[in-house]
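The block underneath contains the structure these notes are about, expressed in structure tokens.
The values are calculated or read from the model by the stated rules, or taken from the named source; none is laboratory data. These numbers were taken from a predicted model, which means no experiment stands behind them. Because the Cβ atoms are built from the backbone with ideal geometry, glycine has one as well, and the counts that use them run over all protein chains shown. Heads up: the accessible areas ignore ligands, DNA and RNA and are worked out on the full protein's heavy atoms, side chains in. Shrake-Rupley method; radii C 1.70, N 1.55, O 1.52, S 1.80 Å.
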Amino acid sequence: MTRRVTVEGVGGYLPARILTNKEMETIVDTTDEWIQERSGIEQRHIAAEGELTSDLGVEAAKNALEHAGIQPEEIDLIIVATTTPDLTFPSTAAIIQHKLGIKGGAAFDIQAVCTGFVYAISTAEKFLASGQFSKALVIGAETFSRILDWEDRSTCVLFGDGAGAMILSAEEANAPGSRGIMSSYLRCDGALTDLLYVDGGVSKTQTTGHVKMQGNKVFREAVAKISSAMEEAAKIADIDPKTIDWFVPHQANIRILKGVAKKLSLRPDQVVATIAKHGNTSAASIPLAFNVAVKDGRIKKGDLVMLEAMGGGLTWGAALLEY
Ligand code: UT7
């Protein structure tokens, strides 16, 4: 039996505390003007003390389950894309499974930094299409504020905390409804690690470490790599990029979003941009933006949506789906 994998619901959660650019001016030598002009960010959300990545993920998951109209026990696969897990182990997915009261099925984390959500839905799609599982909860969740160097103005102004979730479900390919996930294209070039990494870790330093980024070099890689991944995803799905309705990109920089959209001849009003209010929430940014555009009525059933991301690794990728 051929199976296709469709999106049944989406959800998002942002911590209550908002850190504005103006407030950022009191933390590092920066200005609201510089941050907005160079990145498009106006504010970001920061998790409260004791509020963990799993807590953000659980709230986003509850929101998505409610949107899909399904009970937690129907989920038999949980994949969490995160770079900021609660603990070294168990996985944040295992912790979220327990917090949601789900018993049975499988749960694991995926680490592809900002590309994590694209890697995660691609992985979930393969498991569901093969028939091994039937309903997946895919989450992107981050407390990125915990790995920032709050004295490094070139990185700390860019990131924020949050979580987004998507419920994916497998059904017979000839059942009525949308075509669901049509293609994905994933890449990594480990030779570019030095451009964006965290300088600590379990094995190397036994510390958590802080984000280090050569922003302008990452920027230069971004537009070309992301555009080609989107073209490949469209080619695999046998879709003319001109027929794409919505572009839901990883929210790293408004200039990257606009540059990529232009390269694919997408109009600015087809780009779902949440970077101004969310900042860069790494693996959470795509599902958070997707959730916003579904809930405000922009993305409708049957719309063709392109997702893309690039992050540490460097990793990058794209996925095409009919909502
Ligand atoms: O999500 C993972 C993937 N990440 C990305 O895709 C991020 C890609 N990179 C970017 O988005 C941009 O490169 C940044 C927003 C990080 C930086 O923008 P830029 O236009 O590339 O600036 P720059 O790094 O070339 O820095 C320009 C200047 C420097 O000063 P000098 O050397 O020209 O005097 C920096 O020291 O801006 C300075 N600068 C700042 N000034 C005020 C760097 N950070 C700040 C700051 N406030 N926060």
Residue, least open to solvent (accessible area, probe 1.4 Å), within segment 165-203, restricted to residues that are polar (S, T, N, Q) and assigned to a loop (DSSP other than H, G, I, E, B): S178
Entirely in segment 254-323, the helices (runs of 4 or more DSSP H) that have 3 or more residues that are closer than 25 Å to C188 by Cβ and open to solvent by 10 Å² or more (accessible area, probe 1.4 Å): 254-263
I need the full set of residues from segment 9-39 which are crowded, with 20+ Cβ neighbours inside 10 Å and either without any contact (Cβ under 8 Å) to a residue 60 or more places away in the chain or not hydrophobic (A, V, I, L, M, F, W, C) (or both), in order please. G9, G11, G12, Y13, P15, N21, S39
Looking at segment 217-236, can you tell me whether even one residue there is farther than 17 Å from G317 by Cα, assigned to a loop (DSSP other than H, G, I, E, B) and not aliphatic (A, V, I, L, M)? no
Taking N280 as the residue in question, decide whether it is more than 14 Å from the ligand (Cβ to nearest atom) and in contact with a His (Cβ under 9 Å, 6 or more places away or on another chain). no
Scanning segment 276-301 residue by residue, those at positive phi and either of a type in the set (A, V, I, L, M, F, W, C) or touching a residue at least 40 places away in the same chain (Cβ under 8 Å) (or both) turn out to be G279, S282
Conditions: (1) among the aliphatic types (A, V, I, L, M); (2) surrounded by 24 or more Cβ atoms within 10 Å (Cβ to Cβ); (3) under 19 Å from the mean Cα position of the chain (by Cα). L65 meets all but one. Number of the miss? (2)
When you check P72 against the structure, is it touching a Leu at 6+ places or on another chain (Cβ under 7 Å) and open to solvent by 20 Å² or more (accessible area, probe 1.4 Å), yes or no? yes
Within segment 237-253, how many residues turn out to be outside any helix (DSSP H, G or I), surrounded by 17 or more Cβ atoms within 10 Å (Cβ to Cβ) and more than 19 Å from the chain's Cα centre (by Cα)? 3
Scanning segment 134-152 for residues that are charged (D, E, K, R) and under 15 Å from L196 (Cα atoms), the one nearest to the ligand (Cβ to nearest atom) turns out to be D152
